[in-house]
Amino acid sequence: MPIVLGTTYEAVVEDVVRVVEAIGALIMILGGLYASVLYVRHCIGSDTDGFMEFRRNLGRAILLGLEVLIIADIIRTIVVEPTLESVGVLGIIVIIRILLSFSLEVEVDGSWPWNRWKAEGRDKLR
């Protein structure tokens, strides 16, 4: 079945949103596969455990994918469905994704964002 793009402005924007959502999902899928390949290569080529590096790489892929998905949600809400209900749903979605992104960033970096300068300062002293 051929893909038929919408002919109205709203339909075109909805098609763009679908593409952006697909890109976000693809980023997470490919990033997860890439992190997995790196982890397997590390396990085969080294006697040390590369699990923490795997978690960092996987977290980065998820963070980037979530950011792209937030863009799709914003476009859909602002351009396609600018109702009070859709704006409220967008707010809830963005809050959930921000909290998820925040917790993943803490996992990836290993410190709270407001303590990051302390960790960077310790690294510079060494």
Fill in the blank from the handout: Counting only residues in segment 1-29 that are loosely packed, with under 12 Cβ neighbours inside 10 Å and aliphatic (A, V, I, L, M), the one modelled with the lowest pLDDT is identified as Met1
Problem - All positions within segment 94-126 that are of a type in the set (Val, Ile, Thr) and at pLDDT 75 or above - result: Val94, Ile95, Ile96, Ile98, Val106
Handout entry: Residue among Leu58, Leu100, Leu64, Leu104 that alone is closer than 29 Å to Val17 by Cα, in contact with a helix residue (DSSP H, G or I) (Cβ under 9 Å, 6 or more places away or on another chain), of a type outside the set (Phe, Trp, Tyr) and in contact (Cβ under 8 Å) with a residue 40 or more places away in the chain
Key = Leu104
Completion exercise
Result of the Cβ filter at 8 Å on segment 42-53, keeping first residues that are among the small types (Gly, Ala, Ser) and partners that are at pLDDT 80 or above and assigned to a helix (DSSP H, G or I), at least 6 apart or interchain, is Gly50/Leu38; Gly50/Tyr39; Gly50/His42; Gly50/Cys43
Exercise for the section: Return a yes/no flag: does segment 30-40 have any residue that is modelled with pLDDT of 90 or more, farther than 24 Å from Leu104 by Cα, crowded, with 18+ Cβ neighbours inside 10 Å and more than 15 Å from the chain's Cα centre (by Cα). Expected result: no
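I want to confirm something. Restricting to segment 41-75 and keeping residues that are in a helix (DSSP H, G or I) and of a type in the set (D, E, K, R), which single residue is surrounded by the most Cβ atoms within 10 Å (Cβ to Cβ)?
As a first pass, look at segment 41-75 and keep what is in a helix (DSSP H, G or I): 41-45, 51-75.
The next check asks that each one be of a type in the set (D, E, K, R); those that pass are 41, 53, 55-56, 60, 67, 73.
On the way: Arg41: 11, Glu53: 14, Arg55: 15, Arg56: 17, Arg60: 16, Glu67: 14, Asp73: 19.
Top of the filtered list is Asp73.
The values are calculated or read from the model by the stated rules, or taken from the named source; none is laboratory data. None of the values given here were measured: they were computed from a predicted structure. Neighbour counts run over all protein chains shown; Cβ positions are idealised from the backbone, glycine included.
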